[in-house]
Structures are given as structure tokens and as C-alpha cells.
Amino acid sequence: MERQKVIDLAQSYAAEGFLCSESVLKAISNHLEIKCKLIPRIATGLGAGIGGQGMVCGAVSGGILALGIRFGRNIVKKEERKAYWFALEFLNRFKKEHRHLTCRELTGCDFNTAEGYEKYDEKNMWETKCRQYIATAVSTAFDIIKEKT
């Protein structure tokens, strides 16, 4: 599958109502031809910065989970490369693009307050910001998979 098709797939999942974390994980899993009944539900709690707390962006978390499907490990063994290298690479690239990694910093909203949710809705941030973060997360994960496989 081509890069843009994977991005479009993630965007279609987001348009259906899947969360940022779920959309990214579903799109990359589809690209990797991974079928698992835990996808996307394993990523649900990561939306809006982990349970709505504004911490790590859900699209970022979904991207790291997706990369774990491709590069993660099932057994402990000594390796030349640290087991978590793919996460650090992903974080560095996302941060270079958007300067921040947390939902609160990326949106400017505190989801622990009613005002934060109102601001998010008023400014239509799902469409104006979050969909871009989904696209960046998917394209970044796609690129890392392409480069390292």
C-alpha cells in the first residue's frame, strides 16, 4: 500500500468516529496486513492524551503501538539495537514536525476543564489540528517501517 493511501485510510477511520489513537493503529495495522481483534480497542484509552488527560497525543501513542507491531519483540534477548529505538525515532520526527508531543500543548486545551472541551469544540480542533496529527503519525510510522524493513 502506498503512503498516501495509508494516510487516507487513517483519515477515513477518523471520519467514521474512531479516536486519533485508534485511527493511526488501524491504518498501520491494515498496511502491515495484521488482523487482530484487539485492534483498535487496545488504543482506545490513549485518546485525548491518555484518558482525556492531555498527556501524550493519542495519534503519537497509536503510532508507537503500530510500530511495536512491526518492530516489537516477543522474547527477551540481547540485541545491538535497543528494543525501543523505533519509539524514540518516531517521537523525534513527530516533534520536529509539530514541536510538541502532548495533546495539551498541541491543542492548547486543558481537557480536565469544561472550558478546555468548549475551546476544542468551538475551534473545531478535531478537523483543524487533530486530523493533521493523525496524518503526521501515520506517515511517520509508514516511513520508519519502509526505511527499516
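Where a number appears in this text, it was derived from the coordinates with a stated rule and is not lab data. Because the structure is a prediction, the values reported are computed rather than measured. As a convention, Cβ positions derive from the backbone with ideal geometry for all residues, glycine included, and neighbour counts pool all protein chains shown.
Here are some notes:
- Taking label points 7 Å from Cα along the Cα-to-Cβ direction, Trp126 and Glu105 give a separation of 2.6 nm.
- Flagged links, alpha-carbon separation over 21 Å, of Lys37/Lys77; Lys26/Lys146; Lys5/Lys26; Lys82/Lys148; Lys96/Lys129: Lys37/Lys77
- Among Leu91, Leu19, Leu38: highest mean-square fluctuation, GNM of the chain, C-alpha pairs under 10 Å: Leu38
- Those chymotrypsin sites (Phe, Trp or Tyr not before Pro) in the stretch 41-122 that DSSP places in a loop and that have at most 10 other beta carbons within 10 Å: none
- For the chain, the longest site-free run once GluC sites (Glu not before Pro) in DSSP loop states with at most 13 other Cβ atoms within 10 Å are removed: 81-149
- Across the stretch 3-148, Cα-Cα distances exceeding 25 Å account for 24% of all pairs.
- Order of Ser12, Ser29 under a 10 Å beta carbon neighbour criterion, fewest first: Ser12, Ser29
- The chain: relative contact order as a whole-number percent, Cα under 8 Å and 6+ apart: 30 percent
- Charge dipole (the chain, unit charges on Cβ, about Cα centre) - positive-most of Gln53, Ile69, Ser29: Ile69
- Across the chain, the longest piece that holds none of the trypsin sites (Lys or Arg not before Pro) lying in DSSP loops with up to 16 other C-beta atoms within 10 Å covers 38-72.
- Cα long-axis angle, helix 131-148 against the chain (0 to 90 degrees, to the nearest 10): 10 degrees
- Computed magnitude of the charge dipole of the chain (debye, nearest 20; Cβ of K, R +1, Cβ of D, E -1): 740 debye
- Of interest is the spacing of the C-alpha centroids, which for the stretch 1-48 and the stretch 106-148 amounts to 14 Å.
- Against the main long axis of the alpha-carbon atoms of the chain, helix 3-16 sits at an angle near 40°.
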